[in-house]
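Q: Right, I'll just put the structure down here and ask away after.
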């Protein structure tokens, strides 16, 4: 949100006084929460926290009453999410792999940072049409969307790792390429050829080929036959008059078996 200043009002005297340095954390778990909170507070140029007693917090009471009065026709169901791990115990997520060579993101990053465009006219035109879909946040390239959050752009090394991790790694989906691509986008990653690359990796998966369903359908379309066994029924035809040869042979009689499609031909006068 790019906020520079934040003023926090809380009804907990313990939280406010610990942040201001008047109280000290008495347990190891409380020290972790306090350290994490102070690290987040340093991201703002100005940060202020103060304790407000509950009987003096009229704004929160008014908002609570307004919300309950305005949305009283909605369901009262409360969704509860159980956190199995503490917030302070979560590990920091870092870049999967570092890209060493230039890739598809290089011209986009150069254009967004320094306005450098390709020298070739066609490449410059193609870059100009798609440059509005990307943005750089804190040195990371993201793909923008109107209907979904921004997706982090990744290079070739990270692409292969993400596909294998979702398809046959810790997640072990072993799903089709389309489902894997949807899962990748829900995880927040993007690259232009993700459908094609995912299909190539999924098609080469040994486990998917071993446990895949065996198709029972015929390879070609079935056609009914007129003859139940060989040489039961024959078809005959005579070709139109042909140029007369020295033996005065002008016609050809054709005979074909309906079952085996065996064909015989004989010239006639």
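Q: Quick check on the range 1-13: of everything there that is more than 30 Å from residue 149 (Cβ to Cβ) and surrounded by 13 or more Cβ atoms within 10 Å (Cβ to Cβ), which residue is modelled with the highest pLDDT? Break it down into steps so the answer makes sense when it comes.
A: Filtering the range 1-13 down to residues more than 30 Å from residue 149 (Cβ to Cβ) leaves 11-13.
Then keep just the ones that are surrounded by 13 or more Cβ atoms within 10 Å (Cβ to Cβ); that gives 11, 13.
Details: 11: 80, 13: 86.
Among those residues, the one meeting the criterion is 13.
Q: Among the residues of the range 234-261, how many are part of a loop (DSSP other than H, G, I, E, B) and at pLDDT 90 or above?
A: Final tally of qualifying residues: 0.
Q: State which residue pairs qualify: first residue under 11 Å from residue 166 (Cα atoms) and inside the range 181-192, second residue in a loop (DSSP other than H, G, I, E, B) in any location, beta carbons under 7 Å apart, and separation of 6 or more residues or different chains.
A: 183/173
Q: Could you list, in sequence order, all residues of the range 1-55 that are in contact with a helix residue (DSSP H, G or I) (Cβ under 6 Å, 6 or more places away or on another chain) and closer than 18 Å to residue 86 by Cα?
A: Hits for the range 1-55 are 25, 32, 33, 34, 36.
Q: Does at least one position in the range 19-42 carry a residue that is in contact with a strand residue (DSSP E or B) (Cβ under 8 Å, 6 or more places away or on another chain), outside the structural domain of residue 150 (by TED's automatic domain parsing) and either modelled with pLDDT under 85 or part of a loop (DSSP other than H, G, I, E, B) (or both)?
A: Among the residues of the range 19-42, not one is in contact with a strand residue (DSSP E or B) (Cβ under 8 Å, 6 or more places away or on another chain), outside the structural domain of residue 150 (by TED's automatic domain parsing) and either modelled with pLDDT under 85 or part of a loop (DSSP other than H, G, I, E, B) (or both), which makes the answer no.
Q: Let me ask another. Picking from 238, 225, which residue would you name as being surrounded by 10 or more Cβ atoms within 10 Å (Cβ to Cβ), assigned by TED's automatic domain parsing to the domain that holds residue 253 and more than 36 Å from the chain's Cα centre (by Cα)? It would help to see each step written out before you state the result.
A: On the way: 225 fails: assigned by TED's automatic domain parsing to the domain that holds residue 253.
The match here is 238.
Q: Can you confirm whether residue 152 is closer than 20 Å to residue 187 by Cβ and surrounded by 12 or more Cβ atoms within 10 Å (Cβ to Cβ)?
A: So residue 152 passes the test.
Q: Which is part of a helix (DSSP H, G or I), modelled with pLDDT under 85, within 30 Å of residue 131 (Cα to Cα) and assigned by TED's automatic domain parsing to the domain that holds residue 133, of 157, 166?
A: 157
Q: Looking at (1) part of a helix (DSSP H, G or I); (2) more than 37 Å from the chain's Cα centre (by Cα); (3) modelled with pLDDT of 80 or more, can you tell me which one residue 61 breaks?
A: Just one mismatch for residue 61, condition (3).
Q: Something else: Pick from 259, 231, 251: which is surrounded by 10 or more Cβ atoms within 10 Å (Cβ to Cβ) and on the phi > 0 side of the Ramachandran plot? Outline the logic, then answer.
A: Numbers: 259 fails: on the phi > 0 side of the Ramachandran plot; 251 fails: on the phi > 0 side of the Ramachandran plot.
Among 259, 231, 251, only 231 is surrounded by 10 or more Cβ atoms within 10 Å (Cβ to Cβ) and on the phi > 0 side of the Ramachandran plot.
Q: Restricting to the range 171-223, count the residues that are over 19 Å from residue 145 (Cβ atoms) and not in a helix (DSSP H, G or I).
A: Residues flagged as over 19 Å from residue 145 (Cβ atoms) and not in a helix (DSSP H, G or I) within the range 171-223 amount to 21.
Q: Any residue at all in the range 200-211 that's surrounded by 14 or more Cβ atoms within 10 Å (Cβ to Cβ), touching a helix residue (DSSP H, G or I) at 6+ places or on another chain (Cβ under 7 Å) and over 29 Å from residue 106 (Cα atoms)?
A: Scanning the range 200-211, I find at least one residue that is surrounded by 14 or more Cβ atoms within 10 Å (Cβ to Cβ), touching a helix residue (DSSP H, G or I) at 6+ places or on another chain (Cβ under 7 Å) and over 29 Å from residue 106 (Cα atoms), so the answer is yes.
Q: Could you tell me whether residue 264 is outside any loop (DSSP other than H, G, I, E, B) and either at pLDDT 90 or above or not assigned by TED's automatic domain parsing to the domain that holds residue 131 (or both)?
A: Spelling it out, residue 264 is indeed outside any loop (DSSP other than H, G, I, E, B) and either at pLDDT 90 or above or not assigned by TED's automatic domain parsing to the domain that holds residue 131 (or both).
Q: Now a separate question. Residues in the range 125-148: is at least one surrounded by 15 or more Cβ atoms within 10 Å (Cβ to Cβ), outside the structural domain of residue 256 (by TED's automatic domain parsing), modelled with pLDDT under 90 and part of a helix (DSSP H, G or I)?
A: yes
The values are calculated or read from the model by the stated rules, or taken from the named source; none is laboratory data. Keep in mind it's a predicted model, so treat the numbers as computed, not measured. For neighbour counting, all protein chains shown are included, and Cβ atoms are generated from backbone atoms with ideal geometry for every residue, glycine included.
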